[in-house]
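**Q** Input: one structure, supplied below.
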Amino acid sequence: MRPEVLTLEVLPTPIGEIDVVTDAEGRLRVLEFHDEPLRLARALRLHHHDQAVEPGAAPAAVRDGLAAYFAGELTALKAVPWTIGGTAFQRQVWNGLVEIPLGETTSYARLAERIGRPRAVRAVGLANGANPIAVVVPCHRVIGTGGALTGYGGGIARKRWLLAHEGVKA
């Protein structure tokens with residue numbers, strides 16, 4: 001049986017183009033910034049190793065949800081269908097990210113506590129950094145304990161923009 005083919009579309013945003021990878025069911029599988037091709041390649045290799053990726057249009061629900069979010073309709077991301085691979089622990093962290101309310105941030109330590117793994121702060125940080133669905137699974141909402149904008153795969157300037165877009169004073 002032929003493995004599922006994923007579709008890749010490059011979309012414009014106010015903070016640079018994004019690579020949007022979707023599956024046959026119309027779900028977002030990977031979202032990375034276009035100028036970070038190694039991150040895209042890594043996510044595809046780790047989470048979709050046996051799937052071909054072909055150029056094509058993302059489903060309307062994904063395109064429209066992302067466009068609306070970047071246009072200021074911040075809750076539009078909730079309508080974007082997505083699914084995620086990873087380990088059970090990574091999925092636990094990534095699902096915890098989605099629970100961070102718009103306009104708020106959390107620290108790695110608070111996220112670790114929130115998911116019931118208070119001693120796993122470093123592992124939470126690693127899982128956060130390995131999130132293959134940027135923006136929609138909002139890893140940008142995790143900051144340092146002292147409020148510092150710590151690393152972000154798309155760069156600190158994008159993290160700052162996303163947080164400001166969502167109403168966080170960073």
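**Q** Collect the residues in the stretch 70-123 that are more than 19 Å from LEU31 (Cβ to Cβ), assigned to a helix (DSSP H, G or I) and free of Cβ contacts under 8 Å to residues at least 24 places away in the same chain, keeping them in residue-number order.
**A** ALA88, ARG110, ALA112, GLU113, ARG114, VAL121, ARG122
**Q** Looking at LEU149, LEU163 in this structure, which one is surrounded by fewer than 20 Cβ atoms within 10 Å (Cβ to Cβ) and among the hydrophobic types (A, V, I, L, M, F, W, C)?
**A** It is LEU149.
**Q** Let me ask something else about it. Which pairs turn up if I take residues in the stretch 143-170 that are within 18 Å of GLU17 (Cα to Cα) and look for partners that are among the acidic types (Asp, Glu) and assigned to a loop (DSSP other than H, G, I, E, B) with beta carbon separation below 9 Å, at least 6 apart in sequence or on another chain?
**A** What qualifies is GLY153/GLU36; GLY154/ASP35; GLY154/GLU36; GLY155/ASP35; GLY155/GLU36.
**Q** Also, quick follow-up: May I ask you to list the residues in the stretch 124-170 that are assigned to a helix (DSSP H, G or I), of a type in the set (Val, Ile, Thr) and in contact with a Phe, Trp or Tyr (Cβ under 9 Å, 6 or more places away or on another chain)?
**A** Once the filter is applied, which keeps residues that are assigned to a helix (DSSP H, G or I), of a type in the set (Val, Ile, Thr) and in contact with a Phe, Trp or Tyr (Cβ under 9 Å, 6 or more places away or on another chain), the stretch 124-170 yields only VAL124.
**Q** Specify the residue that is surrounded by the most Cβ atoms within 10 Å (Cβ to Cβ); the eligible residues are those in the stretch 1-24 that are without any contact (Cβ under 8 Å) to a residue 12 or more places away in the chain and of a type outside the set (A, V, I, L, M).
**A** Checked the stretch 1-24; the qualifying residue surrounded by the most Cβ atoms within 10 Å (Cβ to Cβ) is PRO12.
**Q** Every residue in the stretch 139-169 that is in contact with an Asp or Glu (Cβ under 8 Å, 6 or more places away or on another chain) and closer than 22 Å to HIS47 by Cβ, please.
**A** ARG141, GLY153, GLY154
Just so you know, all these numbers are worked out from the coordinates, no wet-lab data involved. Because the structure is a prediction, the values reported are computed rather than measured. As a convention, Cβ positions derive from the backbone with ideal geometry for all residues, glycine included, and neighbour counts pool all protein chains shown.
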